[in-house]
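Each remark here refers to the structure printed beneath this line.
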Amino acid sequence: MSDAAKKNVLVVDDSRMSRMMIRAIILDRRPGWNVIEAGNGDEALQKVAEQAVDYATLDINMPGMDGFEVAERLHAGYPNIRVCLLSANIQESSRLRAEAVGAGFVKKPITEASIGLALEFLERA
Amino acid sequence: MSHTVHLTEDEQDALREIFNVGLGYAADSLSLMVNDEVTLSVPALSIITREQATTTFQGILPGSFSGVLQRFEGGFEANAVLMFPGDKSLELVRLMVGDQVALEDMNDLEQEALTEVGNILLNSCVSAMSDTVGGTFSSSLPEYVSGYPGDILPEFPPEMDHILLLNIDFTLERRDIKGFLLFMMQLESIEQFKTATMKYMNQFL
């Protein structure tokens, strides 16, 4: 895989099982990518400060900072990171908040199809 | 002799996540019905004994409540209860029917409307959970319940001596109406639900 094709993707979800599933599906579809995990918003912001991140998937309903706030902070501080919210919180208000910060929105549950849609959004130019 | 069930951290995580998926769909349904944003807490999971149930329920919702109880069976059996603090359920109904109903008719309507809200929310939740882990389910007719949280205990079958309790609270943002959703299973169903959940998760791991 060329260096240009290798991506660093940050997976943010308070559920360890969810992070494991997302990681597995991403690596199955994009072998060679580097998956970084964070269990909450603070950890996510720490990770992006420490290393280059190309893409991020964010859960919404987490203890502490919710996914919207993380998306907003990434949008402000790291505008080159493409962000996709991946959540069971599928209300219209959620979609609009995602749109406002240029983030994608894909609804859970985590499946091959839902992660496929997230990847489709993240890789869109 | 009763026995208990042990859930590992990963299994608890997985069950909370499936419940979270269900809640997301339920919150969306509620949001559409009342035209307000619904904020969800992070789900809490515990395994309690029947003896502990009353105290636990009172800790979740002190004071009186109105709500809806519904039983689900299929791949797993569960009792789900949607609860609102005593005075709030009427406010919720008023949100849904607006000015279309005269005040004197509102109390009669409250139970019926609340029961229908419960039916929609609880079915949305359980549908999403069941779709995620696989299998089908059937539901009882929703039942209006009111009183104090401990009062719902007699509604559960006597063999339900250990209860898996998944609960969240949710808030209608603009109106500051808070509600609670409790999802309860007994031991045998916990095992069935756990097995189905881990099967769903493990297909990707």
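The values are calculated or read from the model by the stated rules, or taken from the named source; none is laboratory data. Just so it is clear, the structure is predicted and the values come from calculations on it, not from any experiment. Note that we place each Cβ from the backbone using ideal geometry, even for glycine, and neighbour counts take in every protein chain shown. What goes into the accessible areas is simple: the full protein's heavy atoms, side chains included, and nothing from ligands, DNA or RNA. Shrake-Rupley method; radii C 1.70, N 1.55, O 1.52, S 1.80 Å.
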Inset, instruction - With a 1.4 Å probe and every protein chain left in place, work out the accessible area per residue of the protein assembly as shown in Å², rounded to a whole number. - result: 44
Inset, instruction - Kindly identify the range B:6-56 as rounded, prolate or oblate by the Cα gyration tensor criterion: order the square roots of the eigenvalues as a ≥ b ≥ c, call it rounded if a/c is under 1.5, otherwise compare a/b with b/c, prolate if a/b is larger, else oblate. - result: oblate
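With +1 assigned to the C-beta of every Lys and Arg and -1 to the C-beta of every Asp and Glu, and no other charges, what is the dipole magnitude of the range A:54-124 about the Cα centre in debye, to the nearest 20? The partial results should precede the final answer.
Numbers: 7 positive and 10 negative charges, 15 e Å.
The calculated dipole for the range A:54-124 is roughly 80 debye.
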Legend entry - Under the Debye formula (equal points on every Cα, no solvent term), log10 I(q)/I(0) of the range B:33-89 at q = 0.21, 0.24, 0.28, 0.30 Å⁻¹: -1.17, -1.31, -1.31, -1.28
Inset, instruction - Let me know the charge dipole size of chain A about its Cα centre in debye, to the nearest 20, where only the beta-carbon of Lys, Arg (+1) and Asp, Glu (-1) is charged. - result: 280
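Taking each pair of distinct Cα atoms in the protein assembly as shown once, what is the resulting Kirkwood hydrodynamic radius in Å?
Taking every pair of different Cα atoms in the protein assembly as shown, averaging 1/r and inverting gives 20.9 Å.
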Inset, instruction - Using label points projected 7 Å from each Cα along Cα→Cβ, tell me how many nm separate B:Thr54 and B:Lys199, to one decimal. - result: 3.9
Inset, instruction - Between the alpha-carbon centers of the range A:1-40 and the range B:1-78, tell me the distance in whole angstrom. - result: 30
Legend entry - Gyration tensor verdict on the range B:130-183 (Cα atoms; rounded if a/c is under 1.5, prolate if a/b is larger than b/c, oblate otherwise): oblate
Legend entry - Dipole of chain B, positive direction: furthest Cα of B:Met83, B:Ala128, B:Ser66, with charges on the beta-carbon: B:Ala128
Legend entry - Burial of 40 Å² or greater, the range B:162-205 residues [accessible area, probe 1.4 Å, versus chain by itself]: B:Tyr200, B:Met201, B:Phe204, B:Leu205
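Buried accessible area for the A:B pair, summed, 1.4 Å probe, in Å² rounded to 100?
The buried area between A and B, both sides summed, comes to about 2000 Å².
With Kirkwood's inverse mean 1/r over C-alpha pairs for Rh, give me the Rg to Rh ratio of the range B:163-204, two decimals please.
Details: Rg = 15.1 Å, Rh = 12.4 Å.
Rg divided by Rh gives 1.21.
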Inset, instruction - Go ahead and set up a Gaussian network model of chain A, Cα springs under 10 Å, then flag whichever of A:Gly64, A:Gly32, A:Gly41 fluctuates most. - result: A:Gly64
Inset, instruction - Rounding to the nearest 20 debye, state how big the charge dipole of chain B is about its Cα centre with +1 on each Lys and Arg Cβ and -1 on each Asp and Glu Cβ. - result: 360
